[in-house]
Amino acid sequence: MKKLILFFAVIFAASTTLFAQEGGVIETPEVVAPSINVQRNTVFVEVGHNGSLYSLNFDRILLGTGNFKLATRAGLGINSNAFSGDIDPSLSLEADGLWGKNSHYLETGLGVLTGFGFEQTVASTVSESENGTKVVKYTPAKEYNTLNLLGRIGYRYQNPNGGLFFRASVMPLATVYSKTGKNSINLAGAVGLGYTFKTKSKTVPAVTFE
């Protein structure tokens, strides 16, 4: 009986020592989970203002909270006359608010558009004096710059993971400065198509228990 008890005691002591030497830790495989990282940078082309303006644009999402995101846009454009040799460039800056989730958003925005050389001088006039002599007032051809305020309301498709970018908007445009003083408000449409750049998502190791 004593030998049997001694035998089990030796077995117990050996197993305890072996367990202690191995650290007594049950290892579990490390799980790596991708973090959620919204892609922010987009390049797209846009045709707007009844097809009279073509622009190349850069858009960046600055921040997002819940179902709202704030984005900014900078664009360099040319008018439709550029294809006939009359290149009139433009520069636009815009801030946009996006309401929605997943990839579909209601988009609203405000911005400014500066046109360089979009407007010619007042046309030459012909008048008649009291004695019947015709007087021609000739104005040399020259172009001036304009300043416009623009608004935007429409639909935007932008996948949080990057890829295809699309927007379609209605855009009121108000001319607030021009050499001829012809201030006006116009309503036009705009369609944009581009690509949101993808970046590598960071990985976060899961917690392991020892």
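The values are calculated or read from the model by the stated rules, or taken from the named source; none is laboratory data. Worth saying up front: this structure is predicted, and the values here are computed from it rather than measured. Note that each Cβ is placed from the backbone with ideal geometry, even for glycine, and that neighbours are counted across all protein chains shown.
One residue stands out in the range 80-98 among those that are touching an Asp or Glu at 6+ places or on another chain (Cβ under 8 Å) and under 19 Å from S169 (Cβ atoms): the one that is surrounded by the most Cβ atoms within 10 Å (Cβ to Cβ), namely D96.
Of the residues making up the range 134-155, just one is at pLDDT below 75 and among the polar types (S, T, N, Q), namely T139. Count of the range 156-196 residues, restricted to those that are in a loop (DSSP other than H, G, I, E, B) and either within 19 Å of T114 (Cβ to Cβ) or at pLDDT 95 or above (or both), is 7.
Can you find, within the range 54-78, the residue that is surrounded by the fewest Cβ atoms within 10 Å (Cβ to Cβ) among those that are in contact with a Leu (Cβ under 6 Å, 6 or more places away or on another chain) and within 14 Å of A190 (Cα to Cα)? So the residue we want is L56. For the range 105-115, the criterion of a residue being at pLDDT below 95 and either over 20 Å from V47 (Cβ atoms) or outside any strand (DSSP E or B) (or both) is satisfied by no position.
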